[in-house]
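To start, the structure itself, in structure tokens.
What follows draws every value from the coordinates through simple rules; no lab data is involved. Computed from a predicted model, the values in this text were never measured in an experiment. Note that we place each Cβ from the backbone using ideal geometry, even for glycine, and neighbour counts take in every protein chain shown.
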Amino acid sequence: MRIKPWSCVLSVPTPSGLLYFKEQQESLAHEVRLIEILARRHPELVTEVLVTGEQGRMLMRDGGMQLSEELEVDRELWHWERALPLYAELQIDAAADADELLRAGAFDRRAAVLPAVYERLLDDVEGLARDESERLHALVPAVRRFADTRVEHAVPETINNDDFTNGSIFIRDGAYRFLDWGDSCVSHPFFTLTVSLRVVEARQGLLPGSAEIARLRDAYLEPFTRFAPLRELIPLAVEARRWGQICRAALRAENPMWEDPEVLPDLLRLMVDPELWRTWED
């Protein structure tokens, strides 16, 4: 079904239905352990794993139709409006397991380490022009301020599926499941919006600040109102969407064999101009 530098997925027909075998590269082999932890909280929302093996191998039950396939037929946003609050509830409940998720292999992107992660990226990246590098270094104080103010914030750090897109949401019998947890980190939960909302904007052709994106953002934030009013969460989400790009860049920096080397500089350029992706060719 899929062979990529980071994983291989095979379909396995059986008399009782279609199953899937998945094997990850070593740096992502922790996925099955993360799923086991999340399944203790919400088994109905994550991958149904039937058998596990060495090096993170797993045999999974069919998750249903990928949301990306459904969107080929119905481009409306109601699936996202339903799925995002469920994902938020999973994040909230998994916050109590943050330390265990880190021990199991989730990448550490918590506020306490985020500035160091960002500065290490700037030290190691190649391919940036001098003025681009200077503008990125100028953001270091802002990253530190964000991290300092979020350490004690009421919204807890938790699991962040750092590639939460229409490719990781599956629908079966009207219910949603969230697959592909290998890229996950423990971070501010709102970092999820960095990728998710950009994917929706790209697929739907939505402009910055659109009412549709605000509606999805608020649907996602609603479960978090148990920690703070929506009026306080919205500016936090806007800010987090920008700094969540650090997670994306760090993941690619740690796995340079996945893509063209130019991907990492481009991911960092989005720190300066979050809308730059709109000028890129598909």
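Excluding Val200 itself, calculate the net charge of residues whose Cβ lies under 11 Å from the Cβ of Val200, where each Lys or Arg counts +1 and each Asp or Glu counts -1.
Local net charge: +2.
Sticking with the crude label model, points 7 Å out along Cα→Cβ, report the distance from Leu230 to Trp277 in nm, one decimal please.
Each label point lies 7 Å from its Cα, and together they span 2.5 nm.
Please compute the net charge surrounding Gly105, taking Lys and Arg as +1 and Asp and Glu as -1 over other residues with Cβ under 9 Å from its Cβ.
Net charge in that neighbourhood comes out at +1.
Can you sort Trp78, Trp243 by how many other beta carbons sit within 10 Å, fewest first?
Trp78, Trp243
Using only the alpha-carbon atoms, how far is helix 78-94 inclined from the longest principal axis of the chain? Give it as 0 to 90 degrees, nearest 10.
Relative to the chain, helix 78-94 is tipped by roughly 80 degrees.
Please determine, in degrees from 0 to 90 and to the nearest 10, the orientation of helix 140-150 with respect to the longest principal axis defined by the Cα atoms of the chain, where the helix direction is its Cα long axis.
The two axes meet at around 60 degrees.
Note the angle between two axes, namely the Cα long axis of helix 263-272 and the longest principal axis of the Cα atoms of the chain, as a number of degrees from 0 to 90, rounded to the nearest 10.
50 degrees
For a footprinting-style exposure proxy, rank Phe170, Phe21 by other Cβ within 10 Å, fewest first.
Phe21, Phe170
Which GluC sites (Glu not before Pro) in segment 72-179 sit in a loop by DSSP (not H, G, I, E or B) and have at most 14 other Cβ atoms within 10 Å of their own Cβ?
Here the sparse-neighbourhood loop sites are Glu76, Glu126, Glu152.
Per DSSP helix of 4 or more residues, -39500 (n - 2.57); summed, then divided by the residues of the chain. What does that give at 222 nm, rounded to the nearest 500?
Computed mean residue ellipticity for the chain: -14000 deg cm²/dmol.
Could you give the size of the charge dipole of segment 64-279 about its Cα centre, using +1 on the Cβ of each K and R and -1 on the Cβ of each D and E, expressed in debye and rounded to the nearest 20?
It works out to roughly 540 debye.
Would you kindly calculate the mean projected area, averaged across all directions, of the convex hull enclosing the Cα atoms of the chain, in square nanometres?
One quarter of the hull surface, i.e. the mean projection, equals 14.8 nm².
Among Ala83, Ala29, Ala228, whose mean-square fluctuation peaks in a Gaussian network model of the chain (Cα, cutoff 10 Å)?
Ala228
In whole angstrom, how far apart do the alpha carbon centroids of segment 216-282 and segment 142-181 sit?
11 Å
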